[in-house]
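First the structure, in the form of structure tokens, and then the observations on it.
The values are calculated or read from the model by the stated rules, or taken from the named source; none is laboratory data. Small disclaimer: the values here were computed from a predicted structure and weren't measured. FYI the Cβ positions are ideal-geometry reconstructions off the backbone, even for glycines, and counts take in every protein chain you see. Side chains are part of the model used for accessible areas, which takes the heavy atoms of the whole protein and leaves out ligands, DNA and RNA. Shrake-Rupley method; radii C 1.70, N 1.55, O 1.52, S 1.80 Å.
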Amino acid sequence: MAKIVGGIGSSHIPAIGVAMDKGLEDTPYWRDFFQSYVPLRKWFNEVDPDILIIFYNDHGLEMFLDKKPTFAVGTAPEYENADEGWGINPIPPVRGETELSWHIVNELVENDFDPTVCQEIKVDHGLTVPLTLMYPGKDYSKVKVIPICINCERHPMPKLSRSYAFGQQVGRAVESFGGDQKVVVMGTGGLSHQLDGERAGIINTDFDTECLDKMVSDPEALTKYSLEDIVELAGGQGVELNMWMAMRGCLTGKVTEGYRNLIAPISNTAAGIQLLIND
Ligand code: DHB
Ligand code: FE
């Protein structure tokens, strides 16, 4: 059976992609941030996963306010990115994993989650930035990637409890997939941030730390927060916590924290980094 070896929570700030493109990793602004990925990559390289499932949000590249699936699963053999205006260079195409994608889709529908199926989709910074953080030099040609989008742009959005349950179902689907593939799941985005409006720039590292704590020991405790609470506590884009909840839902084993860091601010955001090992 395919095995989910662990989960990673990571920021997806576009400026990280620009910094990597420009070789700024060792400059004073970026050094601590990029150093944080060194221990994470050590574990990741040792695991050397066959498949990466990446929960991210499409910020408007493919799905904007006019059409917005709550959950969407990529089933394509290959994914490209595109210019979103952030100045991130095009990246080499990302390989898909069609068989497991379809298995996940079938299992989700069978169990009363009804995702949009994307046989063609371009992937935005929500996926490409964390992917390239794990593979510096964009050396990801061996791994197969399954993109899964969660709506974080337009209300109504899924509640944290729904994204967590969705992730649990994705996790069960993976573990019922024949084969001996090693799978790592990623939840991207967050933690606290708001990009526009009167409260633009809000960061709440106390709340972010509570989220990181609860991710390990009691993720269901976070489902007591409504999305209105999250906006209040962690800003309008703090709702990207949904992707972390889905990632955490996939981890059904004994979860131990392999690594964490919280660096704030990076761009407009408190950048959370966490490794959860699924024994
Ligand atoms: C930033 C953060 C995001 O999550 C995003 O999607 C875009 C920008 C930022 O902090 O700059
Ligand atoms: Fe974002």
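So here's what we get for this one:
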item	result
Pairs with Cβ under 7 Å, 6+ apart, first in the range 13-37 and over 23 Å from Gly258 (Cα atoms) and within 12 Å of ligand 1 (Cβ to nearest atom), second open to solvent by less than 30 Å² (accessible area, probe 1.4 Å) and at pLDDT 95 or above	Pro14/His125; Pro14/Val129; Gly17/His125; Gly17/Thr128; Gly17/Val129; Gly17/Thr132; Ala19/Trp30
Some residue of the range 83-101 being among the aliphatic types (A, V, I, L, M) and farther than 30 Å from Lys22 by Cα	yes
Residue match in the range 197-205 (condition: open to solvent by 20 Å² or more (accessible area, probe 1.4 Å), at pLDDT 95 or above and in a helix (DSSP H, G or I))	yes
All helices (runs of 4 or more DSSP H) inside the range 1-73 with 3 or more residues being open to solvent by less than 40 Å² (accessible area, probe 1.4 Å)	14-22, 37-47
Residue satisfying condition, being open to solvent by less than 40 Å² (accessible area, probe 1.4 Å), within 11 Å of ligand 1 (Cβ to nearest atom) and at pLDDT 95 or above, within set Leu227, Leu191, Leu275, Leu212	Leu191
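For (1) among the aromatic types (Phe, Trp, Tyr); (2) within 17 Å of Val183 (Cβ to Cβ); (3) part of a helix (DSSP H, G or I), each residue gets a yes or a no:
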position	(1), (2), (3)
Val231	no, no, yes
Glu240	no, no, yes
Met243	no, yes, yes
Gly258	no, yes, no
Ala264	no, no, no
Ala270	no, no, no
Ile273	no, no, no
